[in-house]
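See structure below.
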Amino acid sequence: MLAVLESVEGGYRAIFERHLNHGVEQVWAMLTENEKLAAWFTELKVNELRKGGYIKFDMGDGTFEEMEILELTEEAVIEYTWGEDIIRFELSKESEGCNLVLIEKINKLTDHTPRDLAGWHVCLDVIEKLLDGKTIHSRNEEWQKWYEHYVKAVEVL
């Protein structure tokens, strides 16, 4: 299911939501423990897991971007800067598993926005597959499929 995209004061917001058949603890570990984080987003590494701490993004060219953790509530919320934007993960316990919400606060739309949105979409699918003990055979094929949808979705904003 596509993220909900909306215009908000000061920019835009993308809201992704997934129900996962796994406990909050397991999903939180996927978002915050480097070994598990690397399985779905190899460029990210948590350096200081605390409000005011940071996550490093390996740019792949020998440089890194530090993304400040703006909010952290253990097993519930992690929010950090993402360039000029903000990424926020929210977890809530459900009777069978948990609900994972990813909110991207987008400062301004660019040609890169659909790429990021498709990337987050696939990342969430990969998290779910990994927790289920499965894999996605071609992340690139999945990304390409969702990219086309997000290009169209961004065009109508």
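Spot the failing condition for residue 135; the list is (1) of a type outside the set (A, V, I, L, M); (2) at pLDDT below 95; (3) assigned to a helix (DSSP H, G or I), and only one is missed.
Answer for residue 135: the failing condition is (3).
Within region 122-157, work out how many residues are among the aliphatic types (A, V, I, L, M), closer than 18 Å to residue 19 by Cα and surrounded by fewer than 15 Cβ atoms within 10 Å (Cβ to Cβ).
0
Here are some residues: 52, 119. Which one is surrounded by fewer than 15 Cβ atoms within 10 Å (Cβ to Cβ), outside any strand (DSSP E or B) and of a type outside the set (Ser, Thr, Tyr)? Reasoning before the result, please.
Numbers: 119 fails: surrounded by fewer than 15 Cβ atoms within 10 Å (Cβ to Cβ).
Of the residues listed, the single one that is surrounded by fewer than 15 Cβ atoms within 10 Å (Cβ to Cβ), outside any strand (DSSP E or B) and of a type outside the set (Ser, Thr, Tyr) is 52.
Counting only residues that are part of a strand (DSSP E or B) and of a type in the set (A, V, I, L, M, F, W, C), which one in region 28-49 is surrounded by the fewest Cβ atoms within 10 Å (Cβ to Cβ)? Before the answer, list the steps.
Step one: filter region 28-49 for residues part of a strand (DSSP E or B), giving 44-46.
Restricting the remaining residues to those that are of a type in the set (A, V, I, L, M, F, W, C) gives 44, 46.
Working: 44: 17, 46: 19.
Looking at the filtered set, the residue picked out is 44.
For region 138-157, how many residues meet the condition of being free of Cβ contacts under 8 Å to residues at least 40 places away in the same chain, farther than 15 Å from residue 40 by Cα and in a loop (DSSP other than H, G, I, E, B)?
1
What's the total number of residues in region 77-94 that are of a type in the set (S, T, N, Q) and loosely packed, with under 13 Cβ neighbours inside 10 Å? Break it down stepwise before answering.
Quick first cut of region 77-94, residues of a type in the set (S, T, N, Q) only: 81, 92.
So of that shortlist, the ones also loosely packed, with under 13 Cβ neighbours inside 10 Å come out as 92.
Residues flagged as of a type in the set (S, T, N, Q) and loosely packed, with under 13 Cβ neighbours inside 10 Å within region 77-94 amount to 1.
Please determine whether any residue of region 95-102 is outside any helix (DSSP H, G or I), touching a residue at least 60 places away in the same chain (Cβ under 8 Å) and of a type in the set (Val, Ile, Thr). Reasoning before the result, please.
If we filter region 95-102 for residues that are outside any helix (DSSP H, G or I), which is where we start, we get 95-102.
After this cut, where a residue has to be touching a residue at least 60 places away in the same chain (Cβ under 8 Å) as well, the list is 96-102.
In the following step, the residues that additionally are of a type in the set (Val, Ile, Thr) were identified as 101.
Yes, there is a match, as at least one residue in region 95-102 is outside any helix (DSSP H, G or I), touching a residue at least 60 places away in the same chain (Cβ under 8 Å) and of a type in the set (Val, Ile, Thr).
Going by the structure shown, is residue 128 more than 23 Å from residue 150 (Cα to Cα) and of a type outside the set (Val, Ile, Thr)?
Numbers: more than 23 Å from residue 150 (Cα to Cα): no; of a type outside the set (Val, Ile, Thr): yes.
Criteria not met by residue 128.
Please specify each residue of region 55-76 satisfying the condition of being β-branched (Val, Ile, Thr), surrounded by fewer than 17 Cβ atoms within 10 Å (Cβ to Cβ) and in a strand (DSSP E or B).
Filtering region 55-76 for residues β-branched (Val, Ile, Thr) gives 55, 63, 69, 73.
If we keep only those that are surrounded by fewer than 17 Cβ atoms within 10 Å (Cβ to Cβ) as well, we get 63, 73.
The one that is β-branched (Val, Ile, Thr), surrounded by fewer than 17 Cβ atoms within 10 Å (Cβ to Cβ) and in a strand (DSSP E or B): 73.
The values are calculated or read from the model by the stated rules, or taken from the named source; none is laboratory data. Because the structure is predicted, anything quoted here is derived from the model rather than measured. With ideal geometry, Cβ positions are generated from the backbone for all residues, glycine too; neighbour counts draw on all protein chains shown.
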